[in-house]
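Have a look at the structure below, then the notes.
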Amino acid sequence: MKKLSILFLVFLSLNSLAYSELKGCYETISFNAQDVVSGPSALNSQSEFFLTDNQYYRDLETFKELKTLVVSVFNGYNDPWYGFSNVIIPVEKGEWTKVGNEISFKMNEDIMYYSSNYERIKVDFLVDAKFKIVGDEIEGDFYFSSVRRGLFYDFSARLKKKECL
């Protein structure tokens, strides 16, 4: 039992190491291989990867709030709108892999969605995210689908690390 507990702790710490180096703010260099037009507000034009206890996404069995890495990628400005593509990564679900400077996350399972009008819905979650870190830049490929929620994102982005505004 002690060995099993130690292995579990090692697994959890490897997962947290995988996503902890991704957290922060970024400038979007390109989105789907196209240059990105920033808006007049630098704050509203930044991409951000942040960790949160998500009140909407919960464990199917325990109904516990899921810790999620929100990958919010700025995809361009079209006056007066700032565009974003958001991928939700439940960090304690799925499978993290780190090889050299590449981090990937894959998940294909159901979770509970607790809507703002207190409705509980079992939703499908398919996430395939790849991050290649080169210096202060990240090249990312993101696929996120939830048929029951009507969400679908499939995009690539090149991001440059910067200080959060």
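Values quoted throughout were computed directly from the atomic coordinates according to the rules given, and no laboratory measurement underlies them. Note that the structure is predicted; figures quoted are calculated from it, not measured. A quick note on method: Cβ atoms are made from the backbone with ideal geometry, for glycine too, and the neighbour counts reach across all protein chains shown.
Observations, loosely collected:
- Shown here for region 86-165: GluC sites (Glu not before Pro) in loop regions (DSSP other than H, G, I, E, B) with at most 16 other Cβ atoms within 10 Å, namely Glu92, Glu119, Glu163.
- Shape of the chain from the C-alpha gyration tensor: oblate (a/c of 1.5 or more and a/b not above b/c, with a ≥ b ≥ c the square roots of its eigenvalues).
- Here region 53-100 and region 146-160 have alpha carbon centers that stand 10 Å from each other.
- In plain terms, the chain from Leu43 to Trp81 could stretch by 12.3 nm, reckoned as 0.36 nm per residue minus the Cα-Cα distance.
- Taking a straight Cα-Cα cut-off under 29 Å and skipping sequence neighbours fewer than 8 places away in the same chain, the lysines within cross-link reach of Lys98 are Lys2, Lys3, Lys23, Lys64, Lys67, Lys106, Lys130, Lys132, Lys160, Lys161, Lys162.
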